[in-house]
Amino acid sequence: MRAFLTLTTTLLLVVVMPTAHADGLKLEDILGSEINLDANLPTPESVVGLEVGERHWYHHEIIRYLDTLAAVSPRMVALGTHATTYGGRPLVSYAISSARNIARLDAIKAARAEMVNPETAISISDQPAVMHMMYSIHGNEPSGSNATPMVAYYLNASQDPALAAQLDDVVIILNPMLNPDGLDRFAHWSNTHSGKNPSPDSNDREHREATPNGRTNYYGFDLNRDWLPHQHPESRGRLALFHAWKPNVQLDFHEQGSNSNFFFMPGKPERTNPLTPAINQTLTARIGDYHARTFDKAGILYFSGEGYDDFFMGKGSTYPDLFGCVGILFEQPSSRGMQQDVVNGRLTFPHSIANQFRASLSSIEATSALKEELLAYQRNFYVQRKTTPGHYLASADGDPTRLREFVRLLQGHDITVEVLTKDITVGTQRYGAQTTIAIPLDQPQSVYLQTLWNEQLTFEENIFYDVSTWTMPWAFDLDHTREAVRGARTAPLPDDFLHASKALTPSGIGYLIDWRDANAPALLYDLLELGANVRVAQKPFAAQTIDAGEVSFGYGTLLVSAEIGKAIPAPAIARLQQAAANGLGIFSVASSLTATGIDLGSRDFHVLSLPKVALVTGPGTSAYDTGEIWHLLDQRVDMPITMIDSYRLAATDLSAYSHIIITDPMPMLADNTLETLKSFVAQGGVLWAQGASTVDWLATKELTSVVWRQTNEQQDQEQLKKLLGEEYVDRAAVAALLPERQPFAAAQDQAAFKLVRGAILEGSLDISHPVGYGYQDKQLPVFRRNERFMERSANPYSSPVVYTDSPLLSGYMSADNQALVGGSAGLSVDAVGDGAIVLGLDASTFRAFWWGTQRLLINAVFFGELLVEPR
């Protein structure tokens, strides 16, 4: 029976796949000709001058139509701008419902806060369900956003009584595009390359975007991986909108591979997060029944219950699952342009838009029908939650900036944060009053707090669509408690938490800057650019200060002093005053003579130079990896960098730069690039080589030396290749090395088991090494995403980050990989000539939220001249 149904659906697919009209997609292509519409409402074409699907619409065209419609329809109202992208584009949202609900929208919104407040009595019978409809968080998956003008028009203009009843049950928060910068980048690419006669050939340039492509935001970040850390403005605004409305259903419209068929949730059941309530997946499946009926009626092939998962709680379809909401993922096969020939026929952009339209309507129908159950689920999620007494504690001695950023992250998830009011010691760690945050476990968002804090080492299935762990206190390298602490005395967190503004006391000797603060690098760059004489301490000391008496300072402390016969430049003093007023640890020096350690005139203070960094980008590089570094240096360090496309590197005069950064995957480089890089390093440049393929390429080209660790299986495979290459093959030796025969169907899973898709490892950090400056704790949580492991440097002083003997803190790693990683190097420095090559296997600023290790790269940038190999 199943085979018969599949064949029938396939035949229908050929019949109903819409043809690309010269004027785009029309409602009758989807709903038939019998549509009763309000003729007084503007159509998309009447406002923008284009049919939906005629070409790719730009951000401003979509917003112009939706604003026009909202201004005249009683069913729709504009909710305003909730964020602005790095590229300056506004993110806007709209409410669509019955006229009755729109008239009482403020009261409905106010009731949402009461719905999730377990202390408040509220009747759910007279409340509508709220649905958050989000489109195209990946900008080059544009069928979602391009469907929104048609979706909005139909919901407002339709005179269908069934739809009118549904809109009385449901308030829709329409979020028409989640990534305007990426959407416009892709729209421009497709519209520029499609021509009058768009090519359906998958090899055509229209279907092969350049790097960076429209998937990512301005800096190359995947915004669908930023729900949990919300490091970017698009995500911060999106979370604020989510928590303001506390939706019952959240829809996340995507595109997938062109040769696939339509997908809707639920995903693979074994890959559901253990914190997700069972009723959530039950409701997901029941909503899926409505999608199935809609797509069966249209003869559209689809799949569900496989491939995708609900494990990582930081995507648009999984994030809501821990807030009493049901998240639904849609994946439409992508035409990657106007049309493309695929295994199912000719896939057109209008066809893709039509399917997103169908899924939008089936979701509204399902939410209306299941309204009472969805509201009851959300209410019970908060009322019946487990309550746990006590607090988690966290602190970051010397770095209030990093701790405040962690507080912002928590509060963005509607998590309550308090401040410790009395010192407490847990184990051997002392947590100080007024400098430690305390997060109560007994609070409405306790479930999401748990997923942020959890460590997980065992899994129902060891295959992951994304990372296998995301423990936030380790990401921020915080001193923190793993278990709840009872008896802690706390108070509400003040608005000016750890923001000790002070005036800069004049000093005739100089000023010391605490390098531990995450804001110190931006200050250092400004001071160097302003011509200040800045030195870095290579050893600890205790100095006499005018404003705080004797103060202890660690490795990496900065000293700003006057050059001989000159004063510190006035603009530099003004910048120091500004930093002090913003709470940065700056101390006025009373004497060059110190109580302990090196004196301020010691040769162990090194004079710093202004760095000039070049980042290799373009063909062959990853927009994710290069974007993370660009964002770190541009946004957080506030310094300019030069991005050089890989094919131009060999022809570029690199003597103008102090640093070259190359990331995984190893880009395509011209043959003469090797000599260019050799000369650059030999003459004093620093080459930051990030990722296993980059490190391996440098070693293969003999710019550096690396020894890779191998599993027994890998060693056997190498030996097997040697034996098979010999003239006379020892069959017995070959047979002994051959792996056991395995079923073909298991090959993909077996390969996935060997991957490291995202695990947290414990590194041992040399805090006296220049890349370790500013750290106090020698134990450093590191995020690992590859399964290559290198031996420590032959020089005993040149492996500043080494994994501990049993380093796995959280996440999945196979037993073979765990056996290899202990004691291997995560980061090594190879001095070559007058320069150095830094070999790093991990992304030190992973997705912009791994604040704990981003300092490693920053230190290599500012202290590059100190990266030598002691003899």
Matching option when the condition is touching a helix residue (DSSP H, G or I) at 6+ places or on another chain (Cβ under 9 Å) and not in a helix (DSSP H, G or I), among S806, S799, S793:
S806
Taking region 64-89 only, how many residues are among the aliphatic types (A, V, I, L, M) and surrounded by fewer than 20 Cβ atoms within 10 Å (Cβ to Cβ)?
5
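Return yes when G324 is part of a loop (DSSP other than H, G, I, E, B), assigned by TED's automatic domain parsing to the domain that holds K371 and more than 21 Å from I353 (Cβ to Cβ) and no when it is not.
On the way: part of a loop (DSSP other than H, G, I, E, B): yes; assigned by TED's automatic domain parsing to the domain that holds K371: yes; more than 21 Å from I353 (Cβ to Cβ): yes.
Taking the combined requirement at face value, the residue satisfies it.
Go over the candidates L523, L584, L600 one by one and state the one that is in a helix (DSSP H, G or I) and either within 19 Å of G864 (Cα to Cα) or modelled with pLDDT of 95 or more (or both).
On the way: L584 fails: in a helix (DSSP H, G or I); L600 fails: in a helix (DSSP H, G or I).
Exactly one of L523, L584, L600 is in a helix (DSSP H, G or I) and either within 19 Å of G864 (Cα to Cα) or modelled with pLDDT of 95 or more (or both), namely L523.
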Do you know which of the residues in region 794-808 that are more than 10 Å from G763 (Cα to Cα) and not small (G, A, S) is surrounded by the fewest Cβ atoms within 10 Å (Cβ to Cβ)?
P796
Can you confirm whether region 472-485 contains a residue that is part of a loop (DSSP other than H, G, I, E, B), at positive phi and of a type in the set (A, V, I, L, M, F, W, C)?
no
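Matching residues to (1) small (G, A, S); (2) within 30 Å of N213 (Cα to Cα):
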residue	(1), (2)
R55	no, yes
R64	no, yes
A83	yes, yes
Y86	no, yes
A95	yes, no
A99	yes, no
K109	no, no
A113	yes, no
T120	no, no
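Taking L600, is it under 25 Å from L827 (Cβ atoms) and of a type in the set (A, V, I, L, M, F, W, C)? I'd like the intermediate steps shown before the answer.
Values: under 25 Å from L827 (Cβ atoms): no; of a type in the set (A, V, I, L, M, F, W, C): yes.
When the stated conditions are applied, L600 does not pass them.
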Looking at the structure I just gave you, is A572 surrounded by 15 or more Cβ atoms within 10 Å (Cβ to Cβ), over 30 Å from S646 (Cα atoms) and in contact with a Lys or Arg (Cβ under 7 Å, 6 or more places away or on another chain)?
no
For residues in region 676-711 being without any contact (Cβ under 8 Å) to a residue 24 or more places away in the chain and either assigned to a helix (DSSP H, G or I) or farther than 27 Å from R648 by Cβ (or both), which is farthest from the chain's Cα centre (by Cα)?
T700
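Any residue that is polar (S, T, N, Q) and either more than 21 Å from F476 (Cα to Cα) or touching a His at 6+ places or on another chain (Cβ under 6 Å) (or both) - is there at least one of those in region 846-867? Step through it out loud before you land on a result.
Initial filter on region 846-867 (polar (S, T, N, Q)): 853-854, 859.
Filter once more, so that each one left must be either more than 21 Å from F476 (Cα to Cα) or touching a His at 6+ places or on another chain (Cβ under 6 Å) (or both): none.
No, the conditions are met nowhere in region 846-867.
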Conditions first: (1) out of contact with any helix residue (DSSP H, G or I) (no Cβ under 7 Å at 6 or more places or on another chain); (2) part of a loop (DSSP other than H, G, I, E, B); (3) buried (at least 17 other Cβ atoms within 10 Å of the Cβ). W189 passes all but one, so which condition is the exception?
(2)
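Check whether at least one residue in region 809-816 is assigned to a strand (DSSP E or B), of a type outside the set (D, E) and over 28 Å from E529 (Cα atoms), and report yes or no. First the steps, then the outcome.
Residues of region 809-816 assigned to a strand (DSSP E or B): 809-810.
Subset that is of a type outside the set (D, E): 809-810.
Checking which are over 28 Å from E529 (Cα atoms) leaves us with 809-810.
Within region 809-816, one or more residues are assigned to a strand (DSSP E or B), of a type outside the set (D, E) and over 28 Å from E529 (Cα atoms).
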Residue count, region 413-432, condition in contact (Cβ under 8 Å) with a residue 24 or more places away in the chain and out of contact with any strand residue (DSSP E or B) (no Cβ under 8 Å at 6 or more places or on another chain), comes to 3
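From the list V551, V467, V534, pick out the single residue that is of a type in the set (A, V, I, L, M) and not assigned by TED's automatic domain parsing to the domain that holds A574.
Working: V551 fails: not assigned by TED's automatic domain parsing to the domain that holds A574; V534 fails: not assigned by TED's automatic domain parsing to the domain that holds A574.
The conditions single out V467.
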Extreme residue, surrounded by the most Cβ atoms within 10 Å (Cβ to Cβ), among residues of region 594-646 that are among the small types (G, A, S) and more than 30 Å from Y511 (Cβ to Cβ):
G627
Is it the case that some residue within region 567-590 is over 20 Å from R516 (Cβ atoms), within 36 Å of the chain's Cα centre (by Cα) and among the small types (G, A, S)?
yes
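Give the number of residues within region 20-49 that are modelled with pLDDT under 90 and surrounded by 10 or more Cβ atoms within 10 Å (Cβ to Cβ).
Taking region 20-49 as the starting set, the residues that turn out to be modelled with pLDDT under 90 are 20-23, 33-34.
Checking the rest, the ones that are also surrounded by 10 or more Cβ atoms within 10 Å (Cβ to Cβ) come to 20-21, 23.
So the answer is 3.
Residue-by-condition table, conditions (1) more than 30 Å from R55 (Cα to Cα); (2) in contact (Cβ under 8 Å) with a residue 60 or more places away in the chain:
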residue: F312; (1), (2): yes, yes
residue: G316; (1), (2): no, yes
residue: D321; (1), (2): yes, no
residue: V326; (1), (2): yes, yes
Exactly one of (1) on the phi < 0 side of the Ramachandran plot; (2) in contact with an Asp or Glu (Cβ under 9 Å, 6 or more places away or on another chain); (3) not in a strand (DSSP E or B) is unmet by R847. Its number?
(1)
Just a yes or no: is a residue in region 818-840 of a type outside the set (D, E), out of contact with any Leu (no Cβ under 7 Å at 6 or more places or on another chain) and assigned to a helix (DSSP H, G or I)?
yes
Go through the residues of region 526-545 one by one and say whether even a single one is within 29 Å of the chain's Cα centre (by Cα), buried (at least 18 other Cβ atoms within 10 Å of the Cβ) and at pLDDT 95 or above.
yes
Inside region 67-102, can you point out the residues that are over 22 Å from A129 (Cβ atoms) and part of a helix (DSSP H, G or I)?
D67, T68, L69, A71, V72
Being modelled with pLDDT of 95 or more and in contact with a Leu (Cβ under 9 Å, 6 or more places away or on another chain) narrows it down to one residue among H82, H60; which is it?
H82
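Yes or no, residue by residue, for (1) in a helix (DSSP H, G or I); (2) over 18 Å from I63 (Cα atoms):
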site	(1), (2)
P149	yes, no
M177	no, no
N197	no, yes
H243	yes, yes
Qualifying positions in region 707-721 - among the charged types (D, E, K, R) and modelled with pLDDT of 80 or more:
R709, E713, E718, K721
Quick check: is even one residue across region 162-176 surrounded by 22 or more Cβ atoms within 10 Å (Cβ to Cβ) and closer than 20 Å to P350 by Cα?
yes
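If you check E141, E61, which single one turns out to be surrounded by 15 or more Cβ atoms within 10 Å (Cβ to Cβ), part of a loop (DSSP other than H, G, I, E, B) and acidic (D, E)? Even if it seems obvious, please write down each step before you answer.
Details: E61 fails: part of a loop (DSSP other than H, G, I, E, B).
Only one candidate passes the filter, namely E141.
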Touching a residue at least 40 places away in the same chain (Cβ under 8 Å) and farther than 16 Å from P619 by Cα - does that describe any residue in region 662-675?
no
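The values are calculated or read from the model by the stated rules, or taken from the named source; none is laboratory data. Note that the coordinates shown come from a computational prediction; the quantities given were computed from them, not determined experimentally. Methodologically, a virtual Cβ is constructed for each residue, glycine included, from the backbone with ideal geometry; neighbour enumeration extends over all protein chains shown.
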